[in-house]
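Worksheet for the structure shown next.
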Amino acid sequence: MIAHDAYAVEPWCLRETTLHLDVLPQSESLFALSNGHVGWRGNLDEGEPHGLPGTYLNGVHELRPLPYAEAGYGYPESGQTVIDVSNGKVIRLLVDDEPFDLRYGALHHHERVLDLRAGVLERSCEWTSPAGRTVRVRSTRLVSFTQRAVAGIAYEVEPVDSEVRVVIQSELVANEQLPPLGGDPRAAAVLESPLEPEDHAAEGSRLRLVHLTRRSGLRIAAAADHVVRGPETVRTATESSDDLARMTVTAVLKPGETLRLEKLVAYGWSAVRSLPAVRDQVDAALAGARSTGWHGLLEQQRGYLDDFWNRADVEVDGDAEIQQAVRFALFHVLQAGARSEERAIPAKGLTGSGYDGHSFWDTEMFVLPLLTYTAPESVAEALRWRHATLPEARERAEQLGLRGAAFPWRTIDGAECSGYWPAGTAAFHVNAAIAAAVVRYVSSTGDEEFARQTGVELLVETARLWRSLGHHDHHGRFHIDGVTGPDEYSALADDNAYTNLMAQSNLRDAADIVERHPKEAAALGVDDEEAAAWRDAAEAMTVHFDRVLGVHEQSRGFTSHQVWDFAGTRPDQYPLLLHFPYFDLYRKQVVKQADLVLAMFTRGDAFTPEQKARNFAYYEALTVRDSSLSACCQAVIAAEVGHLRLAYDYMGEAALMDLKDLQNNTRDGLHIASLAGTWLALVAGFGGMRHRDGTFHFAPKLPEKLGRLAFTVQVRGRCLRVEITDSVATYTLVGGEPLEIRHYGDPLTVAVGDPQRRPVPEPPALPEPEQPPGRRPAHR
Ligand code: BGC
């Protein structure tokens, strides 16, 4: 946890005014820049000190063996791990022969600002070397949203009071030394020097390195070009070797003189393209960036973000910290997904190597909802990536003796990388999350072309999976046994309610889409009988209800299990998975993360308001939130059932997960799904937004602390702005045809120039449910 106030609270930026080396690794994640294609951790320009240097390219990974003590059928044999590629951020500085290194000398001023509107990381500092020379350094860094292969840095140095001789080394560094990696030494061995040199060049102001990964067979090129501005004494030289390409700039600077370096960096990678092709690709990307120029790139970046903020901003009055956090969240989620273009969106985006750079259901269930209503183009891309991995998913289903497609629990390129069955492939619900994301996207954009080309097949193959995974019993009821739901403290359970309800919509949605697109369905071999079997399974889906307790069972028999000994669990024994054996967690009532509570959000139509309130209270007392994905779901349902204060606290936890490093692992990368959850907690929680059967429903209510909440969502190419105060909700349409929505169930039509105002009812006064001792979220 970040123990000091490292960051100032401001509405449109994250500002650090003191360099705290103890939280440097966390700051590198928070200040990471990415466009979903290329990711640069927020490392200091000079490379050191660092927590974890990181340059990531979406999809670039290395393979490593996944060893098992005992072999078993269907275990994945090979794992995938994101690798740190050629670092183009490094700009080393020597001041009269002394390295500019903030661990030495005196730092008089330090500031880093992540500017959420400009899309840049600004840095400025003033430092006196141990030999008494004082310099000012300023840098601006960007990873371009508009030119996805391109990143850049403008770097300036000036002496403060006396003449200095400075040397700048602007580098591309491959196989850079990483801090010791914990965990499996075999994995560390693979990752230590993952790149084999293939080609290098340095000429004039240009640098280039090309490498190959040893096992995954990827070719990666990085190239840089520079513009140098300074006094006449400036001299430059370039050199390259296998793992290093460098431009050295020397100058003698008098006070008042500045040496400025603009460095443009381009990346390209491919599993199939030849050395000349990949080399030409980065040269071309650089040529494009050069013709735009540094200032042009800055302008494009701002233009891209102006457009995004117009469509996506969330305004919060009454809590400045949350105002900052939600914009920070939107920015990072955009960075993770904006240009990922037919590649995965990893759980950490491209901000760190946590979770090996894998993608999970997090993407479809948490990240894509936000993007669907703010940047829908990126959702189509993310789902096209899933579609492109159908061959692997079909193969996996076949291997498991199932039909259709079994998408991986964790992966980089589409192959299952989870070696642990109970909290791996058994979490089949990822398939329903993908199907739900397709339906959400198509329904909110009306993109039937996408539905035809991509959606039908994803829905059909996931429906086939469910139909073959479940069975009708002798009463005709449909069950899905032996699967793991979102709560990973229960595994291989029968009839997990969340899974069954999500599978139910998946089956129905598949039957609906094949009716709409019969040609595409026929091409996939779907006939009337098959679609009817999906509907039958959906109609007969089983969800268990405990009549004595009056609550739904998370899975069959769940409420009869022994309740976890919460009173006997010490605060330092959380997360439980690190302190207790799984077998014991599995057989008791203890919930890692929202599961039935999530079902009440995603399938709210399957529960009455009374059931929601009772279920919520029951599962609150069992939920420990050992996953960052939980708080936001609890916030949404707490708000729906009327616990606004509690919802507010959960929203705060989701929002500050990384800014306060609540799970002590922000150093490994940001929790992109929890960041997206901040938005969900505000929009679906306090805005009460539900998108069901093609209609947008709102049931807004504000917690006492907030004076106003306003947000904008994209609906069928139109911008709908919703503004909520404690007594009134105002719906405004910005452009396009009138839109029918619902406010607390009542239909209303919003047209351009005719905002609709509706009263917001008083929230009920309800007794708050209890959490396990010590697990209540912090009060805001
Ligand atoms: C959660 C999963 C999640 C994964 C990646 C785990 O701790 O239990 O639901 O997909 O983290 O975020």
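The values are calculated or read from the model by the stated rules, or taken from the named source; none is laboratory data. Computed from a predicted model, the values in this text were never measured in an experiment. Backbone-built Cβ (ideal geometry, glycine too); neighbour counts: all protein chains shown.
Checked against the criterion of being away from the ligand (no atom under 15 Å from the Cβ), of a type in the set (Lys, Arg) and either farther than 20 Å from Arg148 by Cα or surrounded by 22 or more Cβ atoms within 10 Å (Cβ to Cβ) (or both), the candidates Arg396, Arg384 yield just one match: Arg396. In a residue-by-residue description of the stretch 464-476, the property of being assigned to a loop (DSSP other than H, G, I, E, B), within 17 Å of Ala538 (Cα to Cα), of a type in the set (D, E, K, R) and more than 16 Å from the ligand (Cβ to nearest atom) applies to at least one position.
Selection within the stretch 401-422: residues that are surrounded by fewer than 20 Cβ atoms within 10 Å (Cβ to Cβ) and in contact with a Ser or Thr (Cβ under 7 Å, 6 or more places away or on another chain). The member of this set that is farthest from Val591 (Cα to Cα) is Arg403.
If you go through the stretch 234-262 and pick out every residue that is surrounded by 14 or more Cβ atoms within 10 Å (Cβ to Cβ) and in a loop (DSSP other than H, G, I, E, B), you end up with 5. A count restricted to the stretch 217-233 and to residues that are in contact (Cβ under 8 Å) with a residue 12 or more places away in the chain and in a loop (DSSP other than H, G, I, E, B) stands at 5. Scanning the stretch 8-32 for residues that are in contact with a strand residue (DSSP E or B) (Cβ under 6 Å, 6 or more places away or on another chain) and surrounded by fewer than 24 Cβ atoms within 10 Å (Cβ to Cβ) yields a total of 7. For the stretch 344-366, indicate whether the set of residues that are aliphatic (A, V, I, L, M), within 11 Å of the ligand (Cβ to nearest atom), in a helix (DSSP H, G or I) and crowded, with 24+ Cβ neighbours inside 10 Å is non-empty. Checked against the condition, which is being aliphatic (A, V, I, L, M), within 11 Å of the ligand (Cβ to nearest atom), in a helix (DSSP H, G or I) and crowded, with 24+ Cβ neighbours inside 10 Å, the stretch 344-366 yields at least one hit.
Among all residue pairs at least 6 apart or on different chains, which show Cβ distances below 6 Å where the first residue, located in the stretch 479-496, is more than 15 Å from His552 (Cα to Cα) and away from the ligand (no atom under 16 Å from the Cβ) and the second is acidic (Asp, Glu) and assigned to a loop (DSSP other than H, G, I, E, B)? What qualifies is His479/Asp495; Asp481/Asp494. Scanning the stretch 518-547 for residues that are of a type in the set (Gly, Ala, Ser) and buried (at least 19 other Cβ atoms within 10 Å of the Cβ) yields Ala521, Ala531, Ala537, Ala538.
Quick grid of which residues meet (1) touching a strand residue (DSSP E or B) at 6+ places or on another chain (Cβ under 6 Å); (2) closer than 30 Å to Leu720 by Cβ:
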residue: Ala224; (1), (2): yes, no
residue: Gly256; (1), (2): no, no
residue: Ala277; (1), (2): no, no
residue: Ala285; (1), (2): yes, no
residue: Gln300; (1), (2): no, yes
residue: Asp317; (1), (2): yes, yes
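Taken together, Ala245, Ala251, Ala271 contain a single residue that is among the small types (Gly, Ala, Ser) and in contact with a Lys or Arg (Cβ under 7 Å, 6 or more places away or on another chain), which is Ala245.
Exactly one residue out of Leu585, Leu646 is within 13 Å of the ligand (Cβ to nearest atom), part of a helix (DSSP H, G or I) and touching a residue at least 60 places away in the same chain (Cβ under 8 Å): that is Leu585. Here Ala338 meets each of (1) under 19 Å from Val483 (Cβ atoms); (2) away from the ligand (no atom under 13 Å from the Cβ) with one exception, condition (1).
Residue count for the stretch 725-742 under the criterion of being in contact (Cβ under 8 Å) with a residue 24 or more places away in the chain and more than 18 Å from Thr374 (Cβ to Cβ): the result is 8.
For the stretch 735-761, the set of residues classified as at pLDDT below 95 and surrounded by 14 or more Cβ atoms within 10 Å (Cβ to Cβ) consists of Gly736 only. A count restricted to the stretch 296-343 and to residues that are acidic (Asp, Glu) and in a helix (DSSP H, G or I) stands at 4. Restricting attention to the stretch 450-489, the residues that are within 21 Å of Arg403 (Cα to Cα), under 23 Å from the mean Cα position of the chain (by Cα) and of a type outside the set (Val, Ile, Thr) total 3. Apart from one condition, Ser418 fits all of (1) of a type in the set (S, T, N, Q); (2) assigned to a helix (DSSP H, G or I); (3) farther than 18 Å from Ala521 by Cβ; the exception is (2). For Gly424, the criteria (1) within 16 Å of the ligand (Cβ to nearest atom); (2) assigned to a helix (DSSP H, G or I) hold in every case but one, which is (2). For first residues located in the stretch 605-633 and closer than 19 Å to Ala654 by Cα and aromatic (Phe, Trp, Tyr), partners that are away from the ligand (no atom under 16 Å from the Cβ) and in a helix (DSSP H, G or I) and lie 6+ apart or on another chain with Cβ distances below 6 Å form the pairs Phe616/Ile637; Phe616/Val641. For the stretch 592-640, taking the residues that are of a type in the set (Phe, Trp, Tyr) and closer than 18 Å to His697 by Cβ, the one that is farthest from the ligand (Cβ to nearest atom) is identified as Phe607. The residues listed here are Arg690, Arg667; of these, the one that is more than 30 Å from Ala567 (Cα to Cα), touching a residue at least 24 places away in the same chain (Cβ under 8 Å), surrounded by fewer than 24 Cβ atoms within 10 Å (Cβ to Cβ) and within 16 Å of the ligand (Cβ to nearest atom) is Arg667. The residue pairs whose first member lies in the stretch 539-557 and is of a type in the set (Phe, Trp, Tyr), whose second member is part of a loop (DSSP other than H, G, I, E, B), and whose beta carbons are closer than 7 Å, counting only pairs six or more residues apart or on different chains, are Phe545/Glu553.
Listed by first and then second residue, the pairs linking a residue in the stretch 405-418 that is without any contact (Cβ under 8 Å) to a residue 24 or more places away in the chain to a residue that is hydrophobic (A, V, I, L, M, F, W, C) and within 16 Å of the ligand (Cβ to nearest atom), with Cβ atoms under 8 Å apart and 6 or more places separating them unless they lie on different chains, are Pro408/Cys417; Pro408/Val430. If you go through the stretch 427-449 and keep only what is under 23 Å from the mean Cα position of the chain (by Cα), of a type outside the set (Lys, Arg) and away from the ligand (no atom under 16 Å from the Cβ), you end up with Ala435, Val438, Val439, Tyr441, Val442, Ser443, Ser444, Thr445.
With a cut-off of at least 1 residues that are among the hydrophobic types (A, V, I, L, M, F, W, C) and without any contact (Cβ under 8 Å) to a residue 12 or more places away in the chain, name the strands (runs of 3 or more DSSP E) lying wholly within the stretch 1-92. Once the strands (runs of 3 or more DSSP E) in the stretch 1-92 are filtered for at least 1 residues that are among the hydrophobic types (A, V, I, L, M, F, W, C) and without any contact (Cβ under 8 Å) to a residue 12 or more places away in the chain, what remains is 7-9.
Filtered by the rule that a residue be surrounded by 17 or more Cβ atoms within 10 Å (Cβ to Cβ) and farther than 30 Å from Gly303 by Cα, the stretch 100-125 gives Phe100, Asp101, Leu102, Gly105.
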